[in-house]
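Q: Okay, here's the structure, questions in a sec.
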Number of protein chains: 2
Amino acid sequence: MLKKPKTKPEMLYAGIQMTRPLLRTISNRVEADLEGTDLTVGQRAVLEAALALEQATAPQLTDFLQLKRQFVAKVLKELLDKEQVEQMSNPRHKRSVFYCLTPSGKALIKKVRKAEMKRIEEFAKVFSEEEVETYYRMQCVLNDALSKRS
Amino acid sequence: MLKKPKTKPEMLYAGIQMTRPLLRTISNRVEADLEGTDLTVGQRAVLEAALALEQATAPQLTDFLQLKRQFVAKVLKELLDKEQVEQMSNPRHKRSVFYCLTPSGKALIKKVRKAEMKRIEEFAKVFSEEEVETYYRMQCVLNDALSKRS
DNA sequence: CCTATATTGTCAATAAAATTGACAAATACT
DNA sequence: AGTATTTGTCAATTTTATTGACAATATAGG
């Protein structure tokens, strides 16, 4: 972080290390956008997942978010109370129902995304398409590789 | 995460979003390397900063880590108790002393880094030098830009 | 069909990381 | 010198997430 690492592995190491402070700065920013929405970060993550998956059981959301099922369940319950997600019966499973965004939940997460997208666009300008593409791909590969057993 | 985003800003957005799960998977991995060292993640971060800065006051470490001074102070006290950092008088400031790694602290953080570097080298192989360079640079720029006011 | 095993839901306790508040001591500024 | 800022310290709290435990349901093998 102070001086630029010399070798390729060192640079990757430093980049990964930076994930922690970066997450903190991102979270701080995100909070501003969450201000007034009455959403926690966990709720926001689950809404994000529900938007991406459209229709998913709790275990599917758990896989997607790579969190513990108990945590996801707790957040889902909060979102049900707020009527931002709703349950739909699952023909294949009596207990494990589907969760979907309600219209208001969908509107909410889209609003939050839109506000953030506006900010992100500022930064996107700074980088080339290839750079962003590389960044995205590396995040995916790292996340995939690290989350699987080695 | 599910389907590849279409536009550049969307891809950057998705990549940044991925920071959270990625940090979680990294933390899980890191814990394995911390196993047996009796270090918390916070302690490890401060050791890492102390190694990079060589000699620094608590406020300097706070700036470097972008954490609250009270948190850094707490961790520093833990590390002092464990004799992994030591204080040195600061001629310019009576209260705000310098913190340095003790030999054992230095050995410890270097050992942890070495173990992780070994793993990282595996991943570094997967990417080209340019990709890693881009990743690193973007992490730096994003962190810088986001941590400053906008 | 029946039993063993795995999955899922639910409730509770706990932990880790970090923030916030409050106040005193030291320093910097003018 | 006097005021504002920085720094250290102690305590409480918050947020995020994990872990443990147990019951209900599903799945797979015999």
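Q: When all protein chains stay in place, what accessible area (Å², nearest 10, 1.4 Å probe) is found for A:Leu108?
A: 20 Å²
Q: Buried by at least 50 Å² relative to the chain on its own: which residues of the stretch A:50-95 qualify, computing accessible area with a 1.4 Å probe on protein heavy atoms?
A: Going by heavy-atom accessible area, the residues of the stretch A:50-95 that drop by at least 50 Å² are A:Phe64.
Q: Name the residue farthest towards the positive end of the dipole of the stretch B:63-126 from the options B:Leu79, B:Ala107, B:Leu67, assuming +1 on Cβ of Lys and Arg, -1 on Cβ of Asp and Glu, about the Cα centre.
A: B:Leu67
Q: Determine the dipole magnitude for the protein assembly as shown: charges of +1 sit on the beta-carbon of Lys and Arg, -1 on that of Asp and Glu, nothing else is charged, the reference point is the Cα centre, and the result goes in debye to the nearest 20. Spell out each step's value before the answer.
A: Details: 54 positive and 40 negative charges, 79 e Å.
Using only the charged Cβ atoms, the result is roughly 380 debye.
Q: If one computes P(r) from the Cα atoms of chain B, what percent of pairs lie at distances over 19 Å? Don't skip to the answer; put the middle values down first.
A: Details: 7127 of 11175 pairs.
Tail of P(r) above 19 Å: 64 percent of Cα pairs.
Q: Once you have the Kirkwood Rh of the stretch B:36-116 from its Cα pairs, apply Stokes-Einstein at 4 °C and 1.567 mPa s and quote D in µm²/s.
A: On the way: Rh = 12.5 Å.
Translational diffusion coefficient: 103 µm²/s.
Q: Shielding by partners for B:111-118, please: the mean number of other protein chain Cβ atoms within 10 Å of each residue's Cβ. Write out the running numbers ahead of the final one.
A: Values: counts 0, 0, 3, 0, 0, 4, 5, 1.
If you average over the peptide's residues, the count of other-chain Cβ atoms is 2.
Q: Next up: About the Cα centre, and with charges only on the beta carbon of Lys, Arg (+1) and Asp, Glu (-1), how big is the dipole of chain A? Nearest 20 debye, please.
A: Magnitude of the dipole: close to 540 debye.
Q: Can you return the lysines within cross-link range of A:Lys106? Criterion is Cα-Cα under 18 Å, with same-chain partners fewer than 8 residues away left out.
A: Filter leaves A:Lys77, A:Lys82, A:Lys114.
Q: Also, quick follow-up: Farthest toward the dipole's positive end in the protein assembly as shown, which of A:Met138, B:Leu34, A:Leu12, given Cβ charges of +1 (Lys, Arg) and -1 (Asp, Glu) about the Cα centre?
A: B:Leu34
Q: Can you pull the percent of the stretch A:93-150's accessible area that's carbon plus sulfur, 1.4 Å probe, other chains left in place?
A: In the stretch A:93-150, the share of accessible area belonging to carbon and sulfur is 55 percent.
Q: Let me know the charge dipole size of the stretch B:36-116 about its Cα centre in debye, to the nearest 20, where only the beta-carbon of Lys, Arg (+1) and Asp, Glu (-1) is charged.
A: Here the stretch B:36-116 has a charge dipole of around 140 debye.
Q: Within 10 Å of each Cβ of B:3-11, how many other protein chain Cβ atoms are there on average?
A: For this peptide, the per-residue mean of nearby foreign Cβ atoms is 6.
Q: Take the eigenvalues of the Cα gyration tensor for the protein assembly as shown, scale each by 5, and report the square roots as semi-axes in whole Å, largest first.
A: Those come to 37, 22, 20 Å.
Q: Can you pull out the buried accessible area for chains B and A, both sides counted, probe 1.4 Å, rounded to the nearest 100 Å²?
A: Buried area (both sides, nearest 100 Å²): 6800 Å².
Q: Rounded to the nearest 0.05, what FRET efficiency do A:Thr102 and B:Lys6 have when you use their Cβ-Cβ distance and R0 = 25 Å?
A: Values: r = 26 Å, r/R0 = 1.05.
It comes out at approximately 0.45.
Q: Shortest first and in nm to one decimal, what separations exist between A:Arg69 and its copies in the other chains, measuring from label points 7 Å along the Cα-to-beta-carbon line?
A: A:Arg69 label point versus its equivalents elsewhere: 4.8 nm.
Q: Assume the label is 7 Å from Cα along Cα to beta carbon: what separations in nm does B:Lys125 have to the matching positions in the other copies?
A: Result for B:Lys125, in nm, nearest copy first: 4.3.
Q: Here's something else I'd like to know. May I ask you to give the solvent-accessible area per residue for chain B, in square angstrom, as obtained with a 1.4 angstrom probe? Let's see the in-between values first.
A: On the way: 8480 Å² over 150 residues.
Accessible area per residue: 57 Å².
The values are calculated or read from the model by the stated rules, or taken from the named source; none is laboratory data. Predicted, not measured: the structure shown is a model, and the values here were computed from it. Virtual Cβ from ideal backbone geometry, glycine too; neighbours counted across all protein chains shown. Side chains included, ligands, DNA and RNA excluded: accessible areas come from the protein's heavy atoms. Shrake-Rupley method; radii C 1.70, N 1.55, O 1.52, S 1.80 Å.
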